[in-house]
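In what follows, a single structure is set out as structure tokens and then discussed.
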Amino acid sequence: MPVPSRAAFYRNNLLLPLLLAGIVFVAFDLTELDRWISNLLIDPATGQFPLLHNQWFEKITHKWPRVLPNWTGELAVIGSLLSFAWPRLENHPQWGLTRWLETARIAPVLRFTTHHRRDLLFVVVAFALCTTVIHYLKSHTSVYCPVETTLYGGQQVRVEWFEHFSWLDKAGDGRCWPGGHASSGFTLLALYFVALRHRWMHARKLLVAILLLGFVYGTTRVLQGWHYMSHTFWAGLFVWFTTWATALLFYGRLALQAPNHSPARHCSPAHSISSLPLQAQLCAEQEPHRDA
């Protein structure tokens, strides 16, 4: 079995997204492509975005979709807390609460949280860091949304994110770059890295679904004039970099880049991890998760 390539891993997960970031910067931030796309969405009769004040569109595309990332994050927090509680209860099977949890069939759920504690904590940390990064960029670039600028009836001057960028100080009151709603959809990328770690056969399909979800989240705001199209791409890129770096710290490269088929059947439990070759180390790392 070939050893996973370190160069391929960083090329696919770091260099390619950086290349995409460069393309987005040149194609959108250095041209009028964003404005050209938004102009296509303007109603010539009113000079406004037709969906800007549509309450149903706002609920269906902005308010309701937030449920998915919000519930995912909340469940991860609850699961993380439960993962620390169950081992203490399990050590005391004679307690009434422990017996009741077993009888009510809640104990298997608690065992699941304990078994996947690292995954749950990863999702919590990844969500928190992505939110922090996006909020930092919003406050340190001071970009106003299209409908807030003089281009579309607002009072603010349109500026690019790099014109007022400041590392330490807030750049102003603008809070439109990158796209916040798009980033909430892209934060579900944390689930992709969990699936990757556990060698789920549909991990790549999950990746595509999450990327499409984040793109849809962002595009609906473009239709309302609250964002430019490039804001969605930037949101996805920053969430990717943040989530990938967090996954790398939590799981390590080998856990995120493994052979397509599981090497578990070639492992021998009689050997220690330190004496196993790379193939067996990957297998031993995955062995506890085979019943998940």
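The values are calculated or read from the model by the stated rules, or taken from the named source; none is laboratory data. Quantities reported herein were computed from a predicted structural model and do not represent experimental measurements. Neighbour counts run over all protein chains shown; Cβ positions are idealised from the backbone, glycine included.
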ask   = How about the stretch 107-151: which of its residues are touching a strand residue (DSSP E or B) at 6+ places or on another chain (Cβ under 7 Å), not hydroxyl-bearing (Ser, Thr, Tyr) and not in a helix (DSSP H, G or I)?
value = none
message = Name the single residue that is nearest to the chain's Cα centre (by Cα) among those in the stretch 140-169 being acidic (Asp, Glu) and under 21 Å from PHE233 (Cα atoms).
response = GLU160
query = Hey, among PHE241, PHE193, which residue is modelled with pLDDT of 95 or more and crowded, with 20+ Cβ neighbours inside 10 Å?
reply = PHE193
request  = Considering each residue of the stretch 75-106, count those that are among the aliphatic types (A, V, I, L, M) and in contact (Cβ under 8 Å) with a residue 40 or more places away in the chain, and give that number.
outcome  = 2
key: helices (runs of 4 or more DSSP H) fully within the stretch 182-259 counting 2 or more residues that are free of Cβ contacts under 8 Å to residues at least 60 places away in the same chain and of a type in the set (Gly, Ala, Ser)   = 203-223, 229-251
From the options GLY154, GLY172, residue that is modelled with pLDDT under 95, in contact with a helix residue (DSSP H, G or I) (Cβ under 7 Å, 6 or more places away or on another chain) and assigned to a loop (DSSP other than H, G, I, E, B) = GLY154
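Looking at VAL159, VAL143, can you tell me which residue is within 17 Å of ASP34 (Cβ to Cβ) and buried (at least 21 other Cβ atoms within 10 Å of the Cβ)?
After applying the criteria, what remains is VAL143.
Conditions tested, residue by residue: (1) of a type in the set (Val, Ile, Thr); (2) part of a helix (DSSP H, G or I); (3) crowded, with 16+ Cβ neighbours inside 10 Å.
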position	(1), (2), (3)
PHE9	no, yes, no
GLY22	no, yes, no
ASP43	no, no, no
GLN48	no, no, no
GLN94	no, no, no
THR98	yes, yes, yes
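From the list LEU121, LEU129, pick out the single residue that is farther than 30 Å from GLN156 by Cβ, within 23 Å of the chain's Cα centre (by Cα) and at pLDDT 85 or above.
LEU121 is the lone residue from the list that is farther than 30 Å from GLN156 by Cβ, within 23 Å of the chain's Cα centre (by Cα) and at pLDDT 85 or above.
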ask   = Inside the stretch 53-88, can you point out the residues that are of a type in the set (Asp, Glu) and surrounded by 15 or more Cβ atoms within 10 Å (Cβ to Cβ)?
value = GLU58
query = Listed residues SER272, SER268; which is among the polar types (S, T, N, Q), in contact with a helix residue (DSSP H, G or I) (Cβ under 8 Å, 6 or more places away or on another chain) and at pLDDT below 95?
reply = SER268
Of all residues in the stretch 2-36 being among the small types (Gly, Ala, Ser) and modelled with pLDDT of 95 or more, the one that is farthest from LEU248 (Cα to Cα) = ALA27
query = Taking the stretch 100-137, which residues are among the charged types (D, E, K, R) and surrounded by 12 or more Cβ atoms within 10 Å (Cβ to Cβ)?
reply = GLU102, ARG111, ARG117, ARG118, ASP119
message = Can you tell me how many residues within the stretch 196-205 are closer than 29 Å to HIS62 by Cβ and crowded, with 18+ Cβ neighbours inside 10 Å?
response = 0
ask   = In the stretch 85-103, which residues are farther than 22 Å from ARG117 by Cβ and among the hydrophobic types (A, V, I, L, M, F, W, C)?
value = TRP100
task = Just name the residue that is farthest from VAL125 (Cα to Cα) out of those in the stretch 226-238 that are surrounded by 24 or more Cβ atoms within 10 Å (Cβ to Cβ) and either in contact with a Cys (Cβ under 8 Å, 6 or more places away or on another chain) or among the aromatic types (Phe, Trp, Tyr) (or both).
result = TYR228
ask   = Listed residues VAL67, VAL77, VAL24, VAL109; which is of a type in the set (A, V, I, L, M, F, W, C) and either in contact with an Asp or Glu (Cβ under 6 Å, 6 or more places away or on another chain) or within 17 Å of THR232 (Cα to Cα) (or both)?
value = VAL24
